[in-house]
Each structure stands twice: as structure tokens, then as C-alpha cells.
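One structure is given below, encoded as C-alpha cells.
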Amino acid sequence: MAAAHEPEVIRDKAAMRAWTRRRRAEGKAVALVPTMGYLHNGHLSLVSAAAAASAGPVAVVVSIYVNPGQFAPTEDLTTYPSDLAGDLRKLAAVFCPPDLYVRAGDGRPDAGSSGGTVSCLEQAGGGYGHETWIRVEQLEKGLCGSSRPVFFRGVATVVAKLFNIVDPDIAVLGKKDYQQWRVICRMVRDLDFAIEIIGSEIVREADCLAMSSRNVHLSREEREKDNNLKALHRTRSARKNGNPCCKCRYDDFVHSMALSISRSLVNARTAALNGNNHSQQIQDQIVQTLTEAGDSSIKQRNFRNPFDVNADCELESLVPLERVDRPAVICVATWFGKVRLIENTEIQAPP
């Protein structure tokens, strides 16, 4: 999918507000698709969903902004993939601000000295120019929030800023990061934003891996793996195929893990719908499927906190369930090297 003409690129907040006013004067609803760029077909499916979100005409704008407020200093802000020129070729209207935060040092001590939550925005200096943060206090806990205490505070804040600047009637977000989607839905409800939030289903690669801008790092990591690891995988594949001389690309292991994550969720969902609805059993089944996808020696060398399985949370509150006796979501996060693969599946009608 590509734009039929040169995109309209908006960089200034006032210009963005004026664009929205003009579209409304033309009788169009305004739909926002917030992204951090490096667009893939999953993002473009959100654009299509936004264009079809109203019975009347819709003006769609995609925001591209890599938000420092949602990255901890130990995370991948500086290496987050970017291809703005390529992104612009795919879009009709783009809000691409140089910065969304006030950065004005005022002589206060570094945020980290207080022991509080610190993002890359604050660590970089001048972060005290921006002091207001939005927290969805219960939904941001647990799941990914347990290991990423900065993330949801930063996401909620930057999305609220985008909503205030763009002033959309509709916003479309992907469900791949399920907790993020629910956090935004709750923020919109609690703060009375007059915006319809649409959650769009996961779009997958040909190998079943959920599409993500960070997936590009998986192929890069292939070249960074040491020879012993590659030899280990080649040996394993050679034994399996009865060919001691066969050569194997390391990304076959990535493919195997992608399939295992997808397969584990399909199997867990099937089990729950068939009445095997104990959450702990479902979680154990997922971990077993992932464990069987590769040698433990590979996992020990390539995964941090290998499996973050949160089997069976209530759909909207994300409260853990002992049994799947109501609509639920199963979430899995898996580290592969420095890349975190996120997957989930909803169970709408348990027995």
C-alpha cells in the first residue's frame, strides 16, 4: 500500500490543529493512527481500518514519533529502527513533530537521584521541563508493566498529548501489545476523551511471527551470534535431518520460535475452549511448547527471562483468573536476544 501522491507532512502542533479543523469543515471525521514509524503491513492495516471506521468520509492522519518518555535508559531508544522516507511513501497525511516535550533545565537535581521512575527523556537532561505524567494505575501493573515500569506511563502521556494536538474523532491501535491497548482505552474512558478507540487484530508475517518494527533486529542478530551458537544449531538440524553435512541458516531458529509462540497460543486457546480451563495448566502447557522448540542450551544463551507467560487475564481489567470462566486474554512475551516478541490471543466465549 502506498500513497497515490506526495504526502502532506505536518510538523508543527498548530498546523496539525489547523489541519483537523479544515477536515471537519469538509464534513470529514478525523482518524488518528499513532505509530513510532518504520511502518510495515501491520501498521498499514491500521490505516485501512481507520479509513473504514465511519459510514461517512474519513480523513486519516498517521503520527510518527519515537517517544523517549516510554523508554527506560536500559532499553532500545537509540537503536529503534527508522525509515522516515520509506514511511512517507506509504501515507497520505503524516504528523511528524520534531519533539513533543518541553525540555528546559531548571537547575534541579537529576531525576535518578531521587530513586523515582526515570525515562530516557528525564535521563537526557532537561526532562524537568516536562513534569506531567498520566498513569493508569491498576492496568499498568502486572504483565509487561512488571518488567517495564516506565513504559505505560510514557505511552499514556504521549498518546494523551497526541489526542490533544490532533483532536481526532477516532483512534486505531493494534492489539499486539494488548496491555497498551487496554491502558489507552481506560485512559480515554476515565479522562472523558470524546474519541472512539478501535483495536485492530494482529497481522502476522508469513512465518506466523506477529509483525513488529523491531523484528528487523532479529535478522541483524543472526550476524552477531558467535560461531559456537551457529554450530550448535547446525548440528541439531543436521542430526534431525540425518545429514551431518547440511548447512542451516540461524534464522531457522527464529522461525522455529515464532511458530512455537503462535502454536502455544493456539493450543492453549483450544484447550480452554474444550473445558481445560485451569490457568496454571494452560500456562504450563505454553511453557512446555516453547521449551520444546529448541535446546535448553540455546535458550540459556539467547533469552533474558525467557518466558513471561500470563495465562488467562480478564479481557478489560487484565486481572489474573484462576479459571477461564469468562472472556479472557492469554499473553506471552519472549526475549530473543535483545528483541522482545509479544503475542496474545483472546478467548471471547469460554464454555
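Every number in this text was worked out from the coordinates using simple rules, so none of it is lab data. Note that the structure is a prediction, hence the values are computed from the model and not measured. FYI the Cβ positions are ideal-geometry reconstructions off the backbone, even for glycines, and counts take in every protein chain you see.
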Quick check: pseudo-label points 7 Å beyond the Cα along Cα→Cβ at Thr132 and Asn267, how many nm apart are they? 5.0 nm
Hey, what do the phi angles of segment 138-154 turn into as Karplus ³J(HN,Hα) couplings, whole Hz, using 6.51/-1.76/1.60 and θ = phi - 60°, x for Gly and Pro? 8, 5, 7, 7, x, 6, 5, x, 5, 9, 10, x, 7, 4, 6, 4, x
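By how many nm would the segment from Arg326 to Thr78 grow when fully extended, if each residue of separation counts as 0.36 nm and the alpha-carbon distance is taken off?
Working: separation 248, 0.36 × 248 = 89.28 nm, distance 4.13 nm.
Going from the current span to full extension adds 85.1 nm.
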Taking amide H atoms as placed 1.01 Å from N in the peptide plane, list the residues 5 or more away in sequence, or in a different chain, whose amide H sits under 5 Å from that of Leu139. none
Convex hull around the C-alpha positions of segment 3-52: the volume in Å³ per residue is 105 Å³
Per residue, how big is the convex hull around the C-alpha atoms of segment 8-200? Give it to me in cubic angstrom, could you? 120 Å³
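What length, rounded to one decimal in nm, is gained on full extension from Gln123 through to Gln348, with 0.36 nm per residue of separation minus their alpha-carbon distance?
Numbers: separation 225, 0.36 × 225 = 81.00 nm, distance 4.19 nm.
The Gln123-Gln348 span can extend by a further 76.8 nm.
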Using the Karplus curve 6.51 cos²θ - 1.76 cosθ + 1.60 with θ = phi - 60°, work out ³J(HN,Hα) for each residue of segment 7-18 in order, rounded to whole Hz, and write x for Gly and Pro. x, 8, 9, 10, 10, 9, 4, 5, 5, 5, 4, 5
Residues whose built amide H sits under 5 Å from the amide H of Phe71, excluding neighbours closer than 5 in sequence, are Cys120, Leu121
Expressed in nm to one decimal, what extension gain is obtained for the pair Lys13 and Val319 from 0.36 nm per residue of sequence separation less their Cα-Cα distance? 106.4 nm
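Among the listed pairs Lys141/Lys161; Lys90/Lys176; Lys13/Lys141; Lys28/Lys161; Lys13/Lys175; Lys13/Lys90, which are separated by more than 24 Å between their Cα atoms?
Checking Cα-Cα distances, Lys13/Lys141; Lys13/Lys175 exceed 24 Å.
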